[in-house]
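Reviewing the structure listed below.
The values are calculated or read from the model by the stated rules, or taken from the named source; none is laboratory data. All values reported here derive from a predicted model rather than from experimental measurement. Because the Cβ atoms are built from the backbone with ideal geometry, glycine has one as well, and the counts that use them run over all protein chains shown.
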Amino acid sequence: MANEYLIDIHNYISERLASAKDKKKEADAHNDLESKRFYEGQLEEWLEIRSYLTSKVDLKTQKYF
């Protein structure tokens with residue numbers, strides 16, 4: 001069960017990363033620097049969370065992303 005839960009968490013993080021990347025591209029196309037910086041920050045945060053999960057929580061035999 002824990003394995004399925006970790007998969008759901010990684011899927012959620014992947015969705016959030018994809019969304020932030022798309023919105024950052026949109027902001028870049030509209031020259032909206034404030035929004036672009038906001039989404040860059042979101043990307044950094046989601047990547048940091050994923051990195052933490054990979055190093056501290058994930059099973060060593062599985063790769064979820």
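Brief remarks on what is shown
- Of all residues in region 26-50 being without any contact (Cβ under 8 Å) to a residue 12 or more places away in the chain and closer than 11 Å to Ile13 by Cα, the one that is surrounded by the fewest Cβ atoms within 10 Å (Cβ to Cβ): Glu48
- Every residue from region 24-65 that is modelled with pLDDT under 95, over 17 Å from the mean Cα position of the chain (by Cα) and hydrophobic (A, V, I, L, M, F, W, C): Leu59
- Subset of region 9-25 that is exposed (fewer than 13 other Cβ atoms within 10 Å of the Cβ) and among the charged types (D, E, K, R) - its residue that is nearest to Val57 (Cα to Cα): Glu15
- Yes/no for Arg16 being assigned to a helix (DSSP H, G or I), modelled with pLDDT under 95 and of a type outside the set (Phe, Trp, Tyr): no
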